[in-house]
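Structure first, commentary second.
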Amino acid sequence: MTQSPKILLLGDYSNCHRSLATGLRRLGCDVTVVSDGSDYLDTERDLDISRRPGKLGGLELLWRLKHGSLREALRGNDIVAINDTNFVTLKPHRLHPLFDRLRRENGAVFLTAMGTDIAFLDMLEAPDSPIRYSEWFVDGMPSRLMQAHPESWQEWHEPHLVDYQRHALSEIDGAVSVLYEYQMGMERALGRDRTAYGGIPIDTQALEPVQLPDRIDRVKFFLGRDPRRLLIKGSDLLEAAARRVVEKYPDRAELVIVENRPYKEFVELMRSAHVVLDQVYSYTPATTALMAMAYGLNVVSGGEDAYYDFIGEHENRPVINAPLTLDALTDTLERIVLNPAQIAPRGRASRNFVLRHNAVDVVTRRFLDFWLTKLRDKRH
């Protein structure tokens, strides 16, 4: 297309679409971010789609989407990217016609695969799944989350929700994933031709790296936890392992825990740490880990060889891969405390990793190239 595309980023998780908008605007695109601010994170957006509690809250949101202030934003775009098939907090029978309207009234609709959906869950439970462990299964067996809350799995498989999600996946013009795991799910659901890997965009220009001292006498661990997601992230294991290490080495380690803080406050607290404890059940570093790495901090998160191989990184592998058991996690954190001289160089390697693989300009170009290719194919 000869002029810059008009783009709507609809919905957001962990500031991903907001960061992507930064990169798109640098390329001259006309971008609108419409989201609810990712709940308590209260991330920036141009138009708000927060929902008040209760049935009346849902009806009010639906009216705004159909007739009110949001009506114009949802039509006339060259490209719409939704953060999830459930891109607003409405039930499937409300989402279905809203999704179809997006398809009719815009040039193309894409999914940014950045959360749990039926494609991801189908891939996890497949006998030949490429993912050995996740929050739902570990080596083919139900995880702690599945055992404690089997109703959560059933909720994701409620027939009306599944039918709507499969409809949306069949109708989108393509999907760009932000994590290796989601890419594996999308490829199975849509085929490789309709999918691309984008990665999580990190605005490295806005993140001044922390200069970690070469000599660290007391290692500061940082854990940002959401009480609703302890078993999903494995935050309880990370906390227990860190407490063991701090108890064993009280003069050489400390633990800072924060819960459900607004995005900007969370970031400032994280910057004061040396090692960020992110999550256990992931193959890859996600938003919090990558942001910490961009600041030059160390992270304990997902760092599997399969992920590094997938992105073509064979030399710089700085993520401290989180083991799945408490004893192994404890050993991993203890080694960090006993080898503090490795923290600063690992932090520098972490920053370089993000600059190469997840800097917002790098990721944005992957998204935009895929979108524009599919949009041209559709118009021709």
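The values are calculated or read from the model by the stated rules, or taken from the named source; none is laboratory data. This is a predicted model, so every value here is computed, not measured. A quick note on method: Cβ atoms are made from the backbone with ideal geometry, for glycine too, and the neighbour counts reach across all protein chains shown. Surface accessibility is based on the protein's heavy atoms, side chains included, excluding ligands, DNA and RNA. Shrake-Rupley method; radii C 1.70, N 1.55, O 1.52, S 1.80 Å.
If you count only protein heavy atoms and use a 1.4 Å probe, how large is the accessible surface of residue 60, to the nearest 10 Å²?
Approximately 70 Å² of residue 60 is accessible to the 1.4 Å probe.
In whole angstrom, and with the biggest value first, how far do the Cα coordinates of the chain range along each principal axis?
62, 45, 41
Picking from 244, 335, 225, which is most flexible by a Gaussian network model of the chain using Cα springs under 10 Å?
Looking only at 244, 335, 225, the biggest GNM fluctuation is shown by 335.
How high is the relative contact order of the range 136-202? Use alpha-carbon pairs under 8 Å, at least six apart in sequence, and give a whole percent.
On the way: 48 pairs, mean separation 15.2, N = 67.
After rounding, I find 23 percent.
Given H placed on each backbone N at 1.01 Å, which residues far from residue 296 in sequence or on other chains put an amide H within less than 5 Å of it?
210, 351
Given a 10 angstrom Cα cut-off, can you work out which residue in 317, 252, 215 is the most mobile in a GNM of the chain?
For the chain, modelled as a Gaussian network with Cα springs under 10 Å, the answer is 215.
Check the straight Cα-Cα distances from residue 55 and name the lysines below 20 Å, setting aside those fewer than 8 residues away within the same chain.
66, 91
For residue 141, what accessible surface area do you get with a 1.4 Å probe? Give it in Å², rounded to 10.
Result for residue 141: roughly 120 Å² accessible.
So which lysines can residue 248 reach, going by Cα to Cα under 20 Å and dropping same-chain residues fewer than 8 places off?
Qualifying lysines at Cα under 20 Å: 220.
For the range 303-318, in order, what is each residue's ³J(HN,Hα) by Karplus, 6.51 cos²θ - 1.76 cosθ + 1.60 with θ = phi - 60°, in whole Hz (x at glycine and Pro)?
Taking θ as phi minus 60°, the curve returns x, 6, 4, 4, 5, 4, 4, 4, 8, x, 9, 10, 10, 9, 10, x Hz for the range 303-318.
Mind checking the full-extension length gain between residue 125 and residue 157? Use 0.36 nm per residue of separation minus the Cα-Cα distance, one decimal, nm.
Details: separation 32, 0.36 × 32 = 11.52 nm, distance 1.24 nm.
Gain in length upon complete extension: 10.3 nm.
Under 5 Å between amide H atoms, partner at least 5 residues away or on a different chain: which partners does residue 195 have, H built in plane at 1.01 Å?
Here the answer is 175, since their amide H atoms fall under 5 Å of that of residue 195.
Take the Cβ-Cβ distance between residue 268 and residue 166 as r, set R0 to 30 Å, and report the resulting FRET efficiency rounded to the nearest 0.05.
Values: r = 42 Å, r/R0 = 1.40.
Efficiency computed from Cβ-Cβ geometry: 0.10.
Test of understanding: extend the Cα→C-beta vector of residue 361 to 7 Å, then name every residue of the range 4-37 with backbone N under 11 Å from that spot.
26-27
Name the residues whose placed amide hydrogens come within less than 5 Å of the amide hydrogen of residue 203, ignoring near sequence neighbours (fewer than 5 apart) on the same chain.
Long-range HN contacts for residue 203: 360.
Which FRET efficiency value, to the nearest 0.05, is calculated for residue 325 and residue 6 with the Förster distance at 51 angstrom and r the Cβ-Cβ distance?
0.55
Run lengths n ≥ 4 of DSSP H only: what is the helix-derived mean residue ellipticity at 222 nm for the chain, with -39500 (n - 2.57) per run over all residues, to the nearest 500?
On the way: 16 runs with 172 residues, N = 380.
Estimated from H runs of four or more residues: -13500 deg cm²/dmol.
Between residue 258 and residue 55, what FRET efficiency comes out of the Förster formula 1/(1 + (r/R0)^6) with R0 = 25 Å and r the beta carbon distance, rounded to 0.05?
Working: r = 34 Å, r/R0 = 1.35.
That gives a FRET efficiency of 0.15.
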